[in-house]
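First up is the structure itself, then whatever we jot down about it.
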Amino acid sequence: MSTLRLLSAVALAALVTACGQPAENSTPAKPAEAAPQAEAAKPAEPAAPATPAAGVALDQEGLRLVSASGPTRLVTYGTATADPVAALSSVLGNPEDRSTNSECGAGPTEFVSWANDLDALFMDGKFVGWGAGSKSGGKASTMAGIGVGSTRQQLTAAFGNLMVEETTLGIEFSAGDISGILDKDGPTGKVDAIWGGTSCVFR
């Protein structure tokens, strides 16, 4: 066989082989990927609860300072006057008034009052009580949300030892060291005034 025919035969065999087998790079092509599109907008995540502003919470044992980040500090009864006044002023601003009532049943009592209708009471240079008046609204309440405007139903839910009776002050309630006045009798009666610790009320 001539060299030319031999080369032709080899070439023909190679061609037949190539036609019967997939080419080296003949793996099925992947479907063309769609051109990248702008990422679909993700559903808006619910906004995080607003951080509560710094404030003062009413407490059975005194007044509790609540920071904007959450931690609290209890200013207990018996603390020397300067510390509670400075601590409360750092949250509430400077006191609006300072006065002394020598006719209180427990003895001469100094009152330091702030704009949110919150009073701190002092005797013999020590913190002994607090009072929140009708103008305090929700600006001064316990950590459970009890304050002026709360209903008797809410008081009952918050305090297991709630006592309510009619006195010369009106419809008076008490729960441990917290007491106050309701605007009317019955479950829908609302807190008109609330106080804790030593008070200066005239029955």
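The values are calculated or read from the model by the stated rules, or taken from the named source; none is laboratory data. The shown structure was predicted, so the numbers you read here are calculated from the model rather than taken from an experiment. Reconstructed Cβ throughout: ideal geometry from the backbone, glycine too, with neighbour counts over all protein chains shown. Heads up: the accessible areas ignore ligands, DNA and RNA and are worked out on the full protein's heavy atoms, side chains in. Shrake-Rupley method; radii C 1.70, N 1.55, O 1.52, S 1.80 Å.
A few comments on the model shown:
- The range 109-147, subset aliphatic (A, V, I, L, M) and open to solvent by less than 20 Å² (accessible area, probe 1.4 Å), residue farthest from G176 (Cα to Cα): V112
- For the range 175-203, a residue qualifies if it is of a type in the set (S, T, Y), without any contact (Cβ under 8 Å) to a residue 60 or more places away in the chain and touching a Phe, Trp or Tyr at 6+ places or on another chain (Cβ under 9 Å), and exactly one does: S179.
- Of the residues making up the range 72-86, those that are of a type in the set (G, A, S) and without any contact (Cβ under 8 Å) to a residue 24 or more places away in the chain number 2.
- Close pairs from the range 60-71: first open to solvent by less than 50 Å² (accessible area, probe 1.4 Å) and part of a strand (DSSP E or B), partner charged (D, E, K, R) and at pLDDT below 95, Cβ under 7 Å, at least 6 apart: L65/R73
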